[in-house]
Amino acid sequence: MLLTHSEKNDLPFNGTIIDIESIGDFCRGYCDSREYKDIIPTIFGYINNCELNILCAKGHNALEELKEKIIKVMPTLRKPLFAFQCDFERGVLFHSYGVIAEFYGELNTEKFEPKRDAIRLLRIPNYDDPFHDNGYECKKAWLRGDYKGSMRHNRSCLLKERDILLKRNHRKPDELKLHHFQ
């Protein structure tokens, strides 16, 4: 079963911002997309010119349903695509679903800029994030069944990333070599 949330976006922009919440661990021994091969999406959120939408797997049994929904939704998203750190979304989508997503803009100023630093610098509100920009806490919450808290975190990430895009624009995404694990 999937949990969903939709709402109107009242600050329009061109394109779509994607944010994924996940479980699994990074494979730090790689310098390409294989770093993300063990990451599994649990929540897929996106915001565009008109609306914000969140799809959340309600437990491990719903991960396949989430996968099917994401594969259907990805080609319909308004271009250009943005993410705070494109490597993560791009690598996870590639290794989890075989989806090749071409991102136009990255919202961080440099590869490892913490989102909380950008938010503080740009004076962006918390948007009711129960985990205050800590994705690891969101992962733990999802694993213990706190799907509503996890979805609130994803919603706040999307709104914060929208504000980052509107306040300081974007940069060209870092290069990520897509490499199948063999």
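The values are calculated or read from the model by the stated rules, or taken from the named source; none is laboratory data. Since we're looking at a predicted model, the values are computed, not measured. Every residue, glycine among them, receives a Cβ derived from its backbone with ideal geometry; neighbour counts consider all protein chains shown.
Assess whether Glu64 counts as being touching a Lys or Arg at 6+ places or on another chain (Cβ under 7 Å), exposed (fewer than 15 other Cβ atoms within 10 Å of the Cβ) and at pLDDT 95 or above. Considered against the rule, which asks whether it is touching a Lys or Arg at 6+ places or on another chain (Cβ under 7 Å), exposed (fewer than 15 other Cβ atoms within 10 Å of the Cβ) and at pLDDT 95 or above, Glu64 comes out as no. Among the residues making up the range 70-120, those that are within 23 Å of Asn14 (Cα to Cα), assigned to a helix (DSSP H, G or I) and free of Cβ contacts under 8 Å to residues at least 40 places away in the same chain are Ile70, Ile71, Lys72, Val73, Met74, Pro75, Thr76. Within the option set Thr16, Thr4, being polar (S, T, N, Q), over 17 Å from His179 (Cβ atoms), surrounded by 17 or more Cβ atoms within 10 Å (Cβ to Cβ) and touching a residue at least 12 places away in the same chain (Cβ under 8 Å) holds for one residue only, Thr16.
With the condition kept exactly as written, say whether any residue in the range 17-24 is within 14 Å of Asn154 (Cα to Cα) and more than 13 Å from the chain's Cα centre (by Cα). Looking for residues that are within 14 Å of Asn154 (Cα to Cα) and more than 13 Å from the chain's Cα centre (by Cα), one finds none in the range 17-24, hence no.
Residues in the range 167-182 that are at pLDDT 75 or above and assigned to a loop (DSSP other than H, G, I, E, B): Asn169, His170, Lys172, Pro173, Asp174, Glu175. When restricted to residues that are farther than 21 Å from Glu161 by Cα, of a type in the set (A, V, I, L, M) and assigned to a loop (DSSP other than H, G, I, E, B), the range 11-69 contains 1.
Thr4 falls short on exactly one of the conditions (1) of a type in the set (S, T, N, Q); (2) part of a helix (DSSP H, G or I); (3) within 16 Å of the chain's Cα centre (by Cα), and that condition is (2).
Against the condition more than 14 Å from the chain's Cα centre (by Cα), within 16 Å of Gly45 (Cα to Cα) and among the charged types (D, E, K, R), how does Lys148 come out, does it pass? In short, yes.
Taking the range 95-107 as the search range and keeping residues that are among the hydrophobic types (A, V, I, L, M, F, W, C) and under 14 Å from Phe44 (Cβ atoms), which one is nearest to the chain's Cα centre (by Cα)? The residue in question is Ala101. Is it the case that Glu175 is surrounded by fewer than 16 Cβ atoms within 10 Å (Cβ to Cβ), of a type in the set (Asp, Glu), under 27 Å from Pro75 (Cβ atoms) and under 16 Å from the mean Cα position of the chain (by Cα)? Considered against the rule, which asks whether it is surrounded by fewer than 16 Cβ atoms within 10 Å (Cβ to Cβ), of a type in the set (Asp, Glu), under 27 Å from Pro75 (Cβ atoms) and under 16 Å from the mean Cα position of the chain (by Cα), Glu175 comes out as no. Take the conditions (1) within 19 Å of Lys148 (Cα to Cα); (2) free of Cβ contacts under 8 Å to residues at least 40 places away in the same chain; Glu21 misses just one of them, which is (2). Put simply, of Arg162, Arg120, Arg152 the only residue that is among the basic types (Lys, Arg), touching a Pro at 6+ places or on another chain (Cβ under 8 Å) and at pLDDT 90 or above is Arg152.
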